[in-house]
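Working notes, beginning with the structure itself.
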Amino acid sequence: MIAYLIGLSAGLVPALSTGPVFLTLVQHAIDHGFRKAVYFIAGVALTDTSIILLTWLGLSQISGGSEPPAQLSIGGGILLILFGLIFIFKKESEQQPVETSSTHLQKFGLFTQAIMLNAINPIIWGFWAAISNYAIAEFNDTTSELLFFAGVLNMVWITDVLKAYYAQNLNKYLNERFKKYLRIGIGLVLAVLGAKLLVEYYLM
């Protein structure tokens, strides 16, 4: 149980970060509402869990220990720029009151976008590799390590749900003009972060 509580504390680090996933989650919650944003959260959760399993099972060399591979920097940079441009040039669409095949595709799109955005982010790989290495070094048994991971992931999931919920509630106080500029601002931030990854790679 102590390992679980330590995991909850460690989970505050990614939970309180304001990286690309956080910005994209907030924007989707404002644009599409809480229920659809949950599909984005599910994609993030699946990716986080998968990366932890890979690093924990001795595959931390995928992320090169503390240094992510160059392929992740290139792919992550390009992907962030693309998502940023989508936000910048996206046009506001009317919300549909009924469930249609297009809304199901939209939910699937949010889910897969989260997987892509999270899985190709070298910072995410580096963080979870460090978390896995800490768990292996700190705890002497598999049960404690799993409890630690559960604590970290639970903290991340709970705070992601809260972020989406409060972002959705914020929506009713925002006019369309403000939401447009907010979307453009978030798109610019994502594009700049992507460009930063590419520049850092070429300067290595």
Exercise. Farther than 16 Å from residue 52 by Cα, polar (S, T, N, Q) and surrounded by fewer than 17 Cβ atoms within 10 Å (Cβ to Cβ), is that true of residue 103?
Worked result: yes
For this session: Please specify each residue of segment 157-184 satisfying the condition of being closer than 23 Å to residue 90 by Cα and in contact with a Leu (Cβ under 9 Å, 6 or more places away or on another chain).
Result: 163, 164, 167, 174, 182
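Yes/no matrix, rows are residues, columns are (1) modelled with pLDDT of 85 or more; (2) more than 30 Å from residue 6 (Cβ to Cβ):
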| position | (1), (2) |
| --- | --- |
| 142 | yes, no |
| 163 | yes, no |
| 170 | no, yes |
| 173 | no, yes |
| 177 | no, yes |
| 180 | no, yes |
| 183 | no, yes |
| 190 | no, yes |
| 199 | yes, yes |
Problem set entry | First in segment 178-204 and within 15 Å of residue 122 (Cα to Cα), second anywhere and among the small types (Gly, Ala, Ser) and exposed (fewer than 14 other Cβ atoms within 10 Å of the Cβ), Cβ under 8 Å, 6 or more apart | 201/70; 204/70
Problem set entry | Any hit, segment 87-100, residues being out of contact with any Phe, Trp or Tyr (no Cβ under 9 Å at 6 or more places or on another chain), modelled with pLDDT of 80 or more and either under 27 Å from residue 201 (Cα atoms) or not basic (Lys, Arg) (or both) | yes
Problem set entry | Long-range neighbours under 9 Å by Cβ, at least six apart or interchain, first residue under 26 Å from residue 180 (Cβ atoms) within segment 71-100, second in a loop (DSSP other than H, G, I, E, B) and at pLDDT 80 or above | 78/120; 79/120; 79/121; 80/120; 80/121; 95/33
For this session: Among the residues of segment 135-148, write down those that are touching a Phe, Trp or Tyr at 6+ places or on another chain (Cβ under 8 Å) and farther than 15 Å from residue 58 by Cβ.
Result: 138, 139, 147, 148
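The values are calculated or read from the model by the stated rules, or taken from the named source; none is laboratory data. Just so we're clear, the structure is a prediction, and the values are computed from it rather than from any experiment. As a convention, Cβ positions derive from the backbone with ideal geometry for all residues, glycine included, and neighbour counts pool all protein chains shown.
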